[in-house]
Amino acid sequence: MDAMAKTSTTTQGLRAAIERSGYYPALVAEAVEAAVGGEPVRSYLVHQETTFDQNEVRRHVTVLVLTGNRFIVSHTDEQAADSTSPTPYATTSTESVKLDRISSVVVSRVVANPEQYTPGTLPREVVLTIGWGAVNRIDLEPAACGDPNCDADHGYTGSSTADDLSLRVSEAGDGPETVRQALTFAQAISEATADLTR
């Protein structure tokens, strides 16, 4: 299959995945396609998450797209009618990040019975974390010395962690195909960012 046919197939696969999610597909697809523009799609991941907020069920969909030059993140949330809107509404946002801005790609895998693991077996859960410096989390705590009787102020100690995007998929909650697609996307973005350092 040549590159142009593969790109067309990948773009169609993205659209089909958005349709399958069943979550305002016309709205989500329009936002994603506008962000992608005319660039060929190299890889994608569509993830729908349902949360429970007191008496309400809220849905959220995240679409990740990798093009030749950019990483695109789209989030769509639905909201119930409130004081600002008499009818239910949805908000959609897209962010476009140049690949050379991505500083880290972390893939955490959870496997059952690791002593029996065979290569190629899908993990039970995958957490994909991608950092590009837009959001950092700082965790601070009071610093201390080794003297238990010391009451001096030693300032603070802590760590700063890139926390731009963290996405968790599981076989039980999302199905094996979504876990497989998350691993495929993680490999594609890792390879794309590694190519920039060569």
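Laid out as a table, the results:
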read-out: The stretch 25-81, residues that are under 24 Å from residue 127 (Cα atoms) and of a type in the set (D, E, K, R); value: 42, 49, 53, 58, 59, 70, 77, 78
read-out: The stretch 67-126, subset β-branched (Val, Ile, Thr) and in a loop (DSSP other than H, G, I, E, B), residue least open to solvent (accessible area, probe 1.4 Å); value: 102
read-out: Matching option when the condition is modelled with pLDDT of 95 or more and out of contact with any Pro (no Cβ under 7 Å at 6 or more places or on another chain), among 16, 31; value: 31
read-out: Selection from the stretch 109-157 of residues that are under 17 Å from the mean Cα position of the chain (by Cα) and modelled with pLDDT under 80; value: 133, 134, 135, 136, 137
read-out: Residue tally, condition out of contact with any Ser or Thr (no Cβ under 6 Å at 6 or more places or on another chain) and within 22 Å of residue 18 (Cβ to Cβ), over the stretch 91-127; value: 6
read-out: Scan of the stretch 51-66 for residues that are of a type in the set (D, E, K, R) and open to solvent by 60 Å² or more (accessible area, probe 1.4 Å), ordered by number; value: 53, 56, 59
read-out: Only one of 41, 107, 36 that is touching a residue at least 60 places away in the same chain (Cβ under 8 Å) and among the hydrophobic types (A, V, I, L, M, F, W, C); value: 107
read-out: Meets criteria (part of a helix (DSSP H, G or I), at pLDDT 80 or above and open to solvent by less than 80 Å² (accessible area, probe 1.4 Å)) for residue 172; value: no
read-out: Hey, residue 26 in contact with a strand residue (DSSP E or B) (Cβ under 8 Å, 6 or more places away or on another chain) and part of a helix (DSSP H, G or I) or not; value: no
read-out: Pairs with Cβ under 7 Å, 6+ apart, first in the stretch 1-27 and surrounded by 11 or more Cβ atoms within 10 Å (Cβ to Cβ), second part of a loop (DSSP other than H, G, I, E, B) and modelled with pLDDT under 95; value: 7/40
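The values are calculated or read from the model by the stated rules, or taken from the named source; none is laboratory data. Model, not experiment: these values are computed from the prediction. No Cβ is skipped: glycine too gets one built from the backbone with ideal geometry, and neighbour counts run over all protein chains shown. We work out accessible area using only protein heavy atoms, side chains counted, and drop any ligands, DNA or RNA first. Shrake-Rupley method; radii C 1.70, N 1.55, O 1.52, S 1.80 Å.
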